[in-house]
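The next block holds one structure in the form of structure tokens; read it before the comments.
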Amino acid sequence: MILALETSCDDTCAAVVTADGQIRANVISSQGVHSRYGGVVPEIASRHHLELIGGVVDAALDGAGVTLAGIDLMAVTRGPGLVAALLVGVATAKALAAVHGTPLAGVDHLHGHVAASFLSPEPFEPPFLSLIASGGHTLLAHVRDPGPSFEVLGQTLDDAAGEAFDKGARLLGLGYPGGPALEQLARHGDPAGFEFPTARRLQGLDFSFAGLKTALLYKVRDLGEAEAARRRADLAASYQRAIVESLVIRVKRGLAQTGLERLAIGGGVAANGPLRERLPPKQLCTDNAAMIASAARYVPQLPFPDYLGLDVYASGEPAVLAA
Ligand code: KG4
Ligand code: ZN
């Protein structure tokens, strides 16, 4: 039995997963407090993690019908993410591990998104191409084995795909997180109403969304307040289509380049309906701790007291894959 914690951003998550990848409990407590600020406030996120983590762990253990004594491995996200938020998860995991001398595995968040595919009831095994598109990351990886050293083939040069959704939503007067809100508004709009850039001319497998966001800003400005408000749904639908196309273009290039025939998608943006229509479906896309437990099965397990020195790493810092 693996008990995993995930606190890299604004979701406080705990999950209990068996060694063969069956989810016994998967608790996600979303902090509804950030929408009024239009984005996640790190200091507020970490305070909320501190308040929520105890209850979330209890709920996961209860849901799985186990006690802490029945846990064989503690797992926790080390990064990348918000440092103060990650520290709450890591400190909690160390303390819980110390109670019964349980070993601890530090997990990379992106490895977690990849490893979500390895979970039952439909485990999807390497090799495959993996698209991870979240609020903080957008990358395409060649996954050869279940371990953390997948090959990154391309990544975003500026904004992440989820960030593009969030910033676009903000320009259209929608709340945070913007992805689901923008998707909903776009349902009543014409995706061909406006032409937005997909960075198609950018060669290779890297992504770029900054130009798209700027194009929306100028379009809203050019239309003027009244007309932009009247055509809000068309703007949303066209903007969403550009993000989806931009992702699909790179996925197709990646499949062609690697010769791989199978694709897994992860990260919050993978929950997007129109994207899923263009690509095969997959569950467990948004942040959760079951994916961290899954990844923990393929990284070193540290005994007490070796894990006490385990540190976190921020977004943009190089991942520390070994202990
Ligand atoms: O993976 P995730 O839950 O957290 C991070 O690691 O970032 O991804 C959150 C991101 C947010 O930017 C959110 O707007 C986006 O995923 N998102 C969506 C949808 N649901 C979440 N974007 C587009 N359509 C959705 N349905
Ligand atoms: Zn994520």
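The values are calculated or read from the model by the stated rules, or taken from the named source; none is laboratory data. It should be emphasised that the depicted structure is a prediction, and the values quoted were computed from it without experimental measurement. We place every Cβ from the backbone using ideal geometry, glycine too, and count neighbours over all the protein chains shown. Note: areas computed on protein heavy atoms with side chains; ligands, DNA, RNA excluded. Shrake-Rupley method; radii C 1.70, N 1.55, O 1.52, S 1.80 Å.
Some notes on this structure:
- Among the residues examined, residue 95 does not qualify as open to solvent by less than 50 Å² (accessible area, probe 1.4 Å), not acidic (Asp, Glu) and not in a loop (DSSP other than H, G, I, E, B).
- Remark: pairs (first residue in the range 164-185, open to solvent by less than 20 Å² (accessible area, probe 1.4 Å) and modelled with pLDDT under 95; second residue part of a helix (DSSP H, G or I) and away from ligand 2 (no atom under 16 Å from the Cβ); Cβ separation under 7 Å; 6+ apart in sequence or on different chains) = 178/168; 178/169; 178/170.
- Residue match in the range 59-72 (condition: more than 16 Å from ligand 2 (Cβ to nearest atom), open to solvent by 10 Å² or more (accessible area, probe 1.4 Å) and within 19 Å of residue 310 (Cα to Cα)): yes
Residue by residue, here is whether (1) polar (S, T, N, Q); (2) more than 17 Å from the chain's Cα centre (by Cα); (3) over 26 Å from residue 147 (Cα atoms) holds:
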| site | (1), (2), (3) |
| --- | --- |
| 45 | no, no, yes |
| 67 | yes, yes, yes |
| 104 | no, yes, no |
| 107 | no, no, no |
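- When the range 69-92 is filtered for residues that are hydrophobic (A, V, I, L, M, F, W, C), in a helix (DSSP H, G or I) and closer than 28 Å to residue 150 by Cα, the ones remaining, listed by number, are 83, 84, 85, 86, 87, 88, 90, 91.
- Considering the conditions (1) open to solvent by 10 Å² or more (accessible area, probe 1.4 Å); (2) within 12 Å of ligand 1 (Cβ to nearest atom), residue 127 is excluded by exactly one of them, (2).
- Reported count of residues in the range 16-51, each being of a type in the set (A, V, I, L, M, F, W, C), out of contact with any Lys or Arg (no Cβ under 8 Å at 6 or more places or on another chain) and open to solvent by less than 50 Å² (accessible area, probe 1.4 Å), is 7.
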